[in-house]
Amino acid sequence: MGYFLRTLQLLSTCVAISLVGSLDSWTVPTSTWSFVILCFCFVVTFIILIIESLALHYCFPFSWGDFLLCHACYLALFCLLVSIIYPATYVQFLFYTPSWDHAIAATAFCFISTVSYATEAIWILGWPQTGDFTGYTGSLPFLLKMLETLVACVILPFISNPSLYMDHPLLVSCVAVYSICFILGIVTILLNLANCENRLPISSSVFHLVLSLLSVLLYIGALVLWPLYQFDEKFGGQPERSRDVSCQHRLTNYVCVWDQRLAVAILTAINLLIYVADLVYWARQVSVGTEDQPGDS
């Protein structure tokens, strides 16, 4: 079953990559982001297929079942986002031409990839509990951390235009916040998958609580500074969409600058709420004095 699903994933992502890459859309940030995400999915799936074919996963010091479930969940959500963002920010601006047909076909194959990765995740969850899982990937902390990194990844294509923030150092600091919190989230997931948290000089709950508190404070700053400098006239922002020159031409093949600013502001607020939920969870863990792993709590 696993080999069949991975073969389907490789074929669907490969076709989607070919279709997206054949279009003249490299000036569109979200289209370039979609291409990179699809390439990432293809490469990771191909590497996993090779590892399992050579039975190399038995040599790894971490839970292979946890890793596969994490991989399937992430890539399913990535492909789902591509299936939504790509047509919403690029395909709808195309005329009914062969390019439009290629873009629609690429979206369809992205959706096929989404279904195949989601099916793999469900299939892995159905494995008998024979020691392949540590319990982390099925816990609430993993779900929250996955959502945090996923939203941060979605922010990336909307801030790929340097003109959005290079004129203001405080806006550059907002971009730094997104990058720092994303890296911290990935490192936290890797530490849990490798079961390395017990080697830290402090307890696992306190470690997660400190990281969550730091991320919440950073995101609060970004949520204040980004809208302030992007939409307030006193700080050089544009409060109305109609004032943005790039938004006045409806038939352009990209999302205008004002829309990108708004998207980043909304995604920042969403991610802050997720970080707050994460902070509340770990604050409760520390307050009740538990030191259990998330999967055992």
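The values are calculated or read from the model by the stated rules, or taken from the named source; none is laboratory data. Computed from a predicted model, the values in this text were never measured in an experiment. Because the Cβ atoms are built from the backbone with ideal geometry, glycine has one as well, and the counts that use them run over all protein chains shown. Keep in mind that these areas ignore ligands, DNA and RNA; they rest on the heavy atoms of the full protein, side chains included. Shrake-Rupley method; radii C 1.70, N 1.55, O 1.52, S 1.80 Å.
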- Query: Name the pairs: first residue in the stretch 35-49 and without any contact (Cβ under 8 Å) to a residue 40 or more places away in the chain, second residue of a type in the set (Gly, Ala, Ser), Cβ to Cβ under 8 Å, at least 6 apart or on different chains?
  - Reply: Phe35/Gly21
- Note on the structure: A careful count of residues in the stretch 181-208 that are in contact with a helix residue (DSSP H, G or I) (Cβ under 9 Å, 6 or more places away or on another chain) and either among the small types (Gly, Ala, Ser) or under 20 Å from Leu228 (Cβ atoms) (or both) gives 5
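Condition check ((1) among the aromatic types (Phe, Trp, Tyr); (2) within 30 Å of Trp100 (Cα to Cα)) across all residues:
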{"residue": "Thr32", "(1), (2)": "no, yes"}
{"residue": "Ile37", "(1), (2)": "no, yes"}
{"residue": "Cys41", "(1), (2)": "no, yes"}
{"residue": "Ala55", "(1), (2)": "no, no"}
{"residue": "Tyr58", "(1), (2)": "yes, no"}
{"residue": "Ser63", "(1), (2)": "no, no"}
{"residue": "His71", "(1), (2)": "no, no"}
- Note on the structure: Looking across the stretch 185-243 at residues that are among the basic types (Lys, Arg) and closer than 30 Å to Pro169 by Cα, the single one that is most open to solvent (accessible area, probe 1.4 Å) is Lys234
- Pick from the stretch 244-263 the residues that are under 21 Å from the mean Cα position of the chain (by Cα) and at pLDDT 80 or above: which of them is most open to solvent (accessible area, probe 1.4 Å)? Leu262
- List every residue pair whose Cβ atoms lie under 8 Å apart, where the two residues are 6 or more positions apart in sequence or sit on different chains, the first residue falls within the stretch 268-292 and is of a type in the set (Val, Ile, Thr) and open to solvent by 20 Å² or more (accessible area, probe 1.4 Å), and the second residue, located anywhere, is part of a helix (DSSP H, G or I) and modelled with pLDDT of 95 or more. Val276/Val216
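So that you can scan it fast, the table gives a plain yes or no per residue for (1) hydroxyl-bearing (Ser, Thr, Tyr); (2) closer than 16 Å to Pro87 by Cβ; (3) crowded, with 19+ Cβ neighbours inside 10 Å:
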{"position": "Phe4", "(1), (2), (3)": "no, no, no"}
{"position": "Thr7", "(1), (2), (3)": "yes, no, no"}
{"position": "Leu10", "(1), (2), (3)": "no, no, no"}
{"position": "Cys14", "(1), (2), (3)": "no, no, no"}
{"position": "Val28", "(1), (2), (3)": "no, yes, yes"}
{"position": "Ser34", "(1), (2), (3)": "yes, yes, yes"}
{"position": "Ile37", "(1), (2), (3)": "no, yes, yes"}
- Query: Is it the case that Ile85 is closer than 18 Å to Leu150 by Cβ and either open to solvent by 60 Å² or more (accessible area, probe 1.4 Å) or touching a helix residue (DSSP H, G or I) at 6+ places or on another chain (Cβ under 6 Å) (or both)?
  - Reply: yes
- Item | Residue list for the stretch 119-150, restricted to those being crowded, with 18+ Cβ neighbours inside 10 Å, touching a Leu at 6+ places or on another chain (Cβ under 8 Å) and at pLDDT 80 or above | Glu120, Ala121, Ile124, Met146, Leu150
- Query: Quick one: in the stretch 46-82, which of the residues that are hydroxyl-bearing (Ser, Thr, Tyr) and crowded, with 20+ Cβ neighbours inside 10 Å is modelled with the lowest pLDDT?
  - Reply: Ser63
- Meets criteria (farther than 25 Å from Gly221 by Cβ, modelled with pLDDT of 90 or more and open to solvent by 10 Å² or more (accessible area, probe 1.4 Å)) for Thr97: no
